[in-house]
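Novice: Mind looking over this structure? Questions follow.
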Amino acid sequence: MSRLLEVKDVGKTYGSVIALRDVSTVVNAGEVTCVLGDNGAGKSTLIKILAGVHQHDRGEFLVEGEPVKFASPREALDRGIATVYQDLAVVPLMSVWRNFFLGSEPTVGFGPFRALDRKKGRETTKKALSDMGIDLRDVEQPVGTLSGGERQCVAIARAVHFGAKVLILDEPTAALGVKQAGVVLKYVAQARDRGLGVVLITHNPHHAYPVADRFLLLKRGVSLGAYEKSEIDLAELTRQMAGGAELEALEHELRAAESPS
Amino acid sequence: MTTTTLDERIAKPRFLDRLVVRPEIGALLGAVVVFLFFTVVTDQFFSGSGVATWLDDASTLGIMAVAVSLLMIGGEFDLSAGVMTASTALVTATLATQAGWNVWLALFASLVFALAVGAFNGWLVMRTGLPSFIVTLGTFLALQGLNLGVTRLVTGTVQVSGMRSTDGYESAGFVFASTVDIGGTAFQISILWWIGFAVLAAWLLVRTRFGNWIFAVGGSAQSSRAVGVPVVRTKIMLFMTTALAAWLVGSINILRFASVQANQGIGLEFQYIIAAVIGGCLLTGGFGSAIGAAIGALIFGMARQGIVFARWDSDWFMLFLGVMLLSAVLVNNAFRRRAERVRR
């Protein structure tokens, strides 16, 4: 099992705000590392460091054993780390195939006459999508006409096609219905089975538990716990997510408020 | 993601859907209507000299509209575009008549000036993250002041003239301001520049990587950046393209008329934007067409000259323009809703 990414005690501050502190986890090939946490827990900061949008200012970030500090998302991409953002995965007004190849367009011709290879673009897109089990009628339709789940799938298929070794998914199921979320999780599992390391960010333990191999719980910028799947069950994960002891205290309070009357 | 359920929901208005996806279709229909209308109403409109007149009127506007449409698809505005056509002409004319430079050298210098202003606009917008509307409004005012102030300082008047006696005027005039004789009618060469520029821009937009990036940075700059599109560079290039077009139009004007007023070009920037919007550009970026903008300019030219041929008061032109613009925006907006409609 090869170790693709590893973060050791990374931290990030924005001015005087400590967004992330002493967080450690690993991402292995063919495994899903799930990052769970409520809003403001530091999930976004962590993935932005991994994706090269921001730089960590403490701790270590290793890619295949080598310490790195990415200056831009392009550098992270060049190292095989692809990120699919919840709302920012695609450009809605552009066609499916143009989105698919955005930033890595195939071209034909030389010098000033270098043009897009549209035929290759369309065909490759169609094939790459159907390899992932996504069947679209028309790759010329604007991505905006696809459903939220389909859009996520196009973005995932794109990352897989362009040889990503690590796939970072930011809340891929957050805005989706139950069925669509299931479809997206299926493609997450498929990417994993192809040998990619997957980082799945979510605040829904029910989505996380079936596909993940490892869990990292964040709260207010610090790690609340890191577990292998064998060490924790869904009920405990949910309890921890919801604030664990805090929730129990709240439950007592609510009961106490109900009973006197 | 079962295709069967998808198909049963979408199958029906297929042909219409495909038609609506072409951004320039509305402009094309509008152009046909305007053309037929004035052909029927006036005699001159569809004569050789009539056609030459309205094509000429549309040409310089069209060159700018095409460049502005690329910029708008890239999600930005350039309010300094109109005044830039005067600034470049003034730089060329001042260097040629006052400093005695060869016209070609003066043209080169004003080209460098234009590209520098374009790059500055782009750099400032990207660097500050402010809306390009306000940043270029600033450059618009600054250039307007410079045009008048510098011209008055150098010549003592508010115009620069005397291009005809300068070195290289003949050859430069041949390239930018000669006429081509077709069937006994003299057509301005600016029409060729317009068509050439529109074709080049259209090719660039839909057939090249850079064109793909233009749509992407206008549609969603953050998504584009995330997949490795050089957003800043693309947008700066677009501002420079607009400046380049302004230089071309300025050069055509100065070599045609041999003199330039320091207050020229003011207000034209909105005509460029209007032509681009009539041609199918969204004000929010990410969608539009270069050919559409060229057709938008054609509608402009036809209507403006058609009203003259029909001997109506030119006040009606504004009414026409307003109605055209409103209907174009409504059509564009309907399309965007269609394309961006979110189905979960």
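The values are calculated or read from the model by the stated rules, or taken from the named source; none is laboratory data. Model, not experiment: these values are computed from the prediction. With ideal geometry, Cβ positions are generated from the backbone for all residues, glycine too; neighbour counts draw on all protein chains shown.
Novice: Applying the selection to segment B:156-171, what residues are in a strand (DSSP E or B) and buried (at least 19 other Cβ atoms within 10 Å of the Cβ)?
Specialist: The one that is in a strand (DSSP E or B) and buried (at least 19 other Cβ atoms within 10 Å of the Cβ): B:V160.
Novice: Mind telling me which of the residues B:F215, B:F174 ends up being under 30 Å from B:G48 (Cα atoms) and assigned to a helix (DSSP H, G or I)? Spell out the reasoning first.
Specialist: Working: B:F215 fails: under 30 Å from B:G48 (Cα atoms).
On inspection, the qualifying residue turns out to be B:F174.
Novice: Follow-up question, since we're still on this one. Report yes if some residue within segment A:108-119 is part of a strand (DSSP E or B) and under 18 Å from the mean Cα position of the chain (by Cα); otherwise report no.
Specialist: The answer is no; no qualifying residue exists.
Novice: Still on this structure, please answer the following. Within 14 Å of chain A (Cβ to nearest Cβ) and either touching a helix residue (DSSP H, G or I) at 6+ places or on another chain (Cβ under 7 Å) or at pLDDT 90 or above (or both), is that true of B:L19?
Specialist: Criteria met by B:L19.
Novice: A follow-up question, please. Look at segment A:173-222 and say how many of its residues are in a loop (DSSP other than H, G, I, E, B) and either surrounded by fewer than 21 Cβ atoms within 10 Å (Cβ to Cβ) or within 13 Å of another protein chain (Cβ to nearest Cβ) (or both).
Specialist: 11
Novice: What number goes with the only condition from (1) within 11 Å of chain A (Cβ to nearest Cβ); (2) in contact (Cβ under 8 Å) with a residue 60 or more places away in the chain; (3) among the polar types (S, T, N, Q) that B:S251 does not pass?
Specialist: All conditions are met except number (1).
Novice: Determine which member of the set B:L298, B:L319 is modelled with pLDDT of 85 or more and surrounded by 13 or more Cβ atoms within 10 Å (Cβ to Cβ).
Specialist: B:L298
Novice: Looking at (1) surrounded by fewer than 22 Cβ atoms within 10 Å (Cβ to Cβ); (2) farther than 18 Å from B:L148 by Cα, which is the only condition B:F113 fails?
Specialist: Among (1) surrounded by fewer than 22 Cβ atoms within 10 Å (Cβ to Cβ); (2) farther than 18 Å from B:L148 by Cα, B:F113 violates only (2).
Novice: Let me spell it out: the conditions are (1) of a type in the set (S, T, Y); (2) more than 20 Å from B:L61 (Cα to Cα); (3) modelled with pLDDT under 95, and B:S259 meets all of them except one. Which number is the exception?
Specialist: B:S259 satisfies every listed condition except (2).
Novice: B:E269 is checked against (1) part of a helix (DSSP H, G or I); (2) surrounded by fewer than 17 Cβ atoms within 10 Å (Cβ to Cβ); (3) of a type in the set (D, E, K, R); (4) at pLDDT 90 or above and fails just one. What number does that condition carry?
Specialist: Condition not satisfied by B:E269: (2).
Novice: What are the residues in segment A:15-57 that are without any contact (Cβ under 8 Å) to a residue 60 or more places away in the chain and closer than 20 Å to A:V68 by Cα, if any?
Specialist: Passing the criteria: A:K48, A:I49, A:G52, A:V53, A:H54, A:Q55, A:H56, A:D57.
Novice: Among residues belonging to segment A:37-93 that are β-branched (V, I, T) and more than 14 Å from chain B (Cβ to nearest Cβ), point out the one that is surrounded by the fewest Cβ atoms within 10 Å (Cβ to Cβ).
Specialist: That would be A:V68.
Novice: Something else now. Can you tell me which residues in segment B:177-189 are assigned to a helix (DSSP H, G or I) and exposed (fewer than 15 other Cβ atoms within 10 Å of the Cβ)?
Specialist: none
Novice: Give the number of residues within segment A:40-56 that are of a type outside the set (G, A, S) and not in a helix (DSSP H, G or I). Talk me through it step by step, then tell me what you get.
Specialist: Looking only at segment A:40-56, we keep the residues that are of a type outside the set (G, A, S), and these are A:43, A:45-50, A:53-56.
From the residues that got through so far, the ones that are not in a helix (DSSP H, G or I) too are A:53-56.
Residues flagged as of a type outside the set (G, A, S) and not in a helix (DSSP H, G or I) within segment A:40-56 amount to 4.
Novice: Looking at A:A157, is it within 10 Å of chain B (Cβ to nearest Cβ) and either at pLDDT below 90 or within 19 Å of the chain's Cα centre (by Cα) (or both)?
Specialist: When the stated conditions are applied, A:A157 does not pass them.
Novice: Could you tell me which residue of segment A:94-142 is surrounded by the fewest Cβ atoms within 10 Å (Cβ to Cβ), considering only residues that are of a type in the set (A, V, I, L, M), touching a strand residue (DSSP E or B) at 6+ places or on another chain (Cβ under 7 Å) and more than 7 Å from chain B (Cβ to nearest Cβ)? Before you say what the answer is, go through the steps one by one.
Specialist: Going residue by residue through segment A:94-142, those that are of a type in the set (A, V, I, L, M) are A:94, A:96, A:102, A:108, A:115-116, A:128-129, A:132, A:134, A:136, A:139.
Within this subset, residues satisfying the condition of being touching a strand residue (DSSP E or B) at 6+ places or on another chain (Cβ under 7 Å) are A:94, A:108, A:115-116, A:139.
Add one more test, that the residue is more than 7 Å from chain B (Cβ to nearest Cβ), and what stays is A:108, A:139.
On the way: A:V108: 12, A:V139: 20.
Top of the filtered list is A:V108.
Novice: A further question on this structure: Can you tell me which residue is surrounded by the most Cβ atoms within 10 Å (Cβ to Cβ) among those in segment B:217-230 that are in contact (Cβ under 8 Å) with a residue 60 or more places away in the chain and facing chain A (nearest Cβ under 8 Å)?
Specialist: Ranking the candidates gives B:G219 first.
Novice: What is the one condition in (1) surrounded by fewer than 18 Cβ atoms within 10 Å (Cβ to Cβ); (2) among the aliphatic types (A, V, I, L, M); (3) in contact (Cβ under 8 Å) with a residue 60 or more places away in the chain that B:L153 does not satisfy?
Specialist: Tallying (1) surrounded by fewer than 18 Cβ atoms within 10 Å (Cβ to Cβ); (2) among the aliphatic types (A, V, I, L, M); (3) in contact (Cβ under 8 Å) with a residue 60 or more places away in the chain, B:L153 fails exactly one: (3).
Novice: Would you say B:V175 is more than 14 Å from every other protein chain (Cβ to nearest Cβ), out of contact with any strand residue (DSSP E or B) (no Cβ under 7 Å at 6 or more places or on another chain) and over 13 Å from B:A52 (Cβ atoms)?
Specialist: Taking the combined requirement at face value, the residue satisfies it.
Novice: A follow-up question, please. Looking only at segment B:190-209, count every residue that is surrounded by fewer than 19 Cβ atoms within 10 Å (Cβ to Cβ) and either in a loop (DSSP other than H, G, I, E, B) or among the aromatic types (F, W, Y) (or both) and tell me the total.
Specialist: Residues meeting the conditions: 1.
Novice: Given (1) within 29 Å of B:Q305 (Cα to Cα); (2) crowded, with 24+ Cβ neighbours inside 10 Å; (3) out of contact with any strand residue (DSSP E or B) (no Cβ under 8 Å at 6 or more places or on another chain); (4) of a type outside the set (V, I, T), identify the lone condition not met by B:A96.
Specialist: Condition (1) is where B:A96 drops out.
Novice: Of all the residues that make up segment B:63-115, how many are over 30 Å from B:C281 (Cβ atoms) and of a type in the set (A, V, I, L, M, F, W, C)?
Specialist: Summing the residues that are over 30 Å from B:C281 (Cβ atoms) and of a type in the set (A, V, I, L, M, F, W, C) in segment B:63-115 gives 11.
Novice: Would you confirm, using the coordinates I've provided, whether B:R304 is over 30 Å from B:A106 (Cβ atoms), of a type in the set (K, R), in contact with an Asp or Glu (Cβ under 9 Å, 6 or more places away or on another chain) and surrounded by fewer than 24 Cβ atoms within 10 Å (Cβ to Cβ)?
Specialist: Taking the combined requirement at face value, the residue satisfies it.
Novice: A:P67 passes all but one of (1) modelled with pLDDT under 85; (2) over 14 Å from the mean Cα position of the chain (by Cα); (3) not β-branched (V, I, T); which number fails?
Specialist: (1)
Novice: Can you find even one residue in segment B:231-239 that is basic (K, R) and within 14 Å of chain A (Cβ to nearest Cβ)?
Specialist: Checked segment B:231-239: at least one residue is basic (K, R) and within 14 Å of chain A (Cβ to nearest Cβ).
Novice: Taking the condition without any contact (Cβ under 8 Å) to a residue 24 or more places away in the chain and either more than 8 Å from chain A (Cβ to nearest Cβ) or on the phi > 0 side of the Ramachandran plot (or both), does B:R256 pass?
Specialist: For B:R256, the condition - without any contact (Cβ under 8 Å) to a residue 24 or more places away in the chain and either more than 8 Å from chain A (Cβ to nearest Cβ) or on the phi > 0 side of the Ramachandran plot (or both) - is not met.
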